[in-house]
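The values are calculated or read from the model by the stated rules, or taken from the named source; none is laboratory data. Note that the structure is a prediction, hence the values are computed from the model and not measured. Neighbour counts run over all protein chains shown; Cβ positions are idealised from the backbone, glycine included. We work out accessible area using only protein heavy atoms, side chains counted, and drop any ligands, DNA or RNA first. Shrake-Rupley method; radii C 1.70, N 1.55, O 1.52, S 1.80 Å.
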Amino acid sequence: MLRTLLQQVPYFTPDDIDAFELLWQKRVQLRRYDFLIRQGQVEQGLYLVTSGALRIYYPLPDEEICVGFGYPNTLLVSFPSFVDASPSAYYIQALKKSELLGISKQDFVQLMERRPNIRRFWYQELEKALVGKIEREVDLLLPEPEQRLQRVWQRSPHLFQHIPKKYIASYLRMSPETLSRLKYKS
């Protein structure tokens, strides 16, 4: 599966693919509600979700706020912790049985230093993530729940196939009841 995904990156050479694939050695299997990372732990790896669904959330005293999701063929990490080796402010939890492949931060950084195409790939992934975070920020500033839902539906309809609605409601900063009353307009 990883090789198939890597072969879709047009500028990866066969050597890039071989080198990258070789280092994704950590296999993680999580049961429903198991944690990949807990608040306070330092993120040591980058993960590719091969099956299942996970949520990234920030805990508050009265609620848990979903800030992102992982589902098949997505990269997943507690990003601030990964970048600066600080304790994670977030939890990453499986919403159903999930399998992931991981690469250590050290191996990933060394590979980027040796292979410009891997570095280019990472920068493009970071750019996509930044655009996604800016879009999410706009979503959260919209006063009408219908507008927030519509924007997410148009941008990421696959979320509704992989993620339970109560977590999508949290992500959209609305109650599950409000989400259930709203209609998706595709």
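Worth pointing out:
- Selection count, region 1-55, where residues are over 17 Å from LYS105 (Cα atoms), in contact with a helix residue (DSSP H, G or I) (Cβ under 9 Å, 6 or more places away or on another chain) and surrounded by 14 or more Cβ atoms within 10 Å (Cβ to Cβ): 10
- Qualifying residue in region 132-149 (condition: surrounded by fewer than 14 Cβ atoms within 10 Å (Cβ to Cβ) and within 30 Å of LEU23 (Cβ to Cβ)): yes
- Matching option when the condition is in a loop (DSSP other than H, G, I, E, B) and over 23 Å from ARG155 (Cβ atoms), among ASP107, ASP62: ASP62
- Residues in region 159-173 that are open to solvent by less than 60 Å² (accessible area, probe 1.4 Å), assigned to a loop (DSSP other than H, G, I, E, B) and in contact (Cβ under 8 Å) with a residue 60 or more places away in the chain: ILE163, PRO164.
- Comparison of GLU127, GLU135, GLU146 shows that the only residue that is in contact with a helix residue (DSSP H, G or I) (Cβ under 7 Å, 6 or more places away or on another chain), among the acidic types (Asp, Glu) and without any contact (Cβ under 8 Å) to a residue 60 or more places away in the chain is GLU135.
- Remark: pairs (first residue in region 43-57, farther than 24 Å from LYS165 by Cα; second residue open to solvent by less than 10 Å² (accessible area, probe 1.4 Å) and hydroxyl-bearing (Ser, Thr, Tyr); Cβ separation under 7 Å; 6+ apart in sequence or on different chains) = GLU43/SER78; GLU43/SER81; GLU43/SER88.
- Subset of region 16-46 (residues that are in a loop (DSSP other than H, G, I, E, B) and of a type in the set (Phe, Trp, Tyr)): TRP24, TYR33
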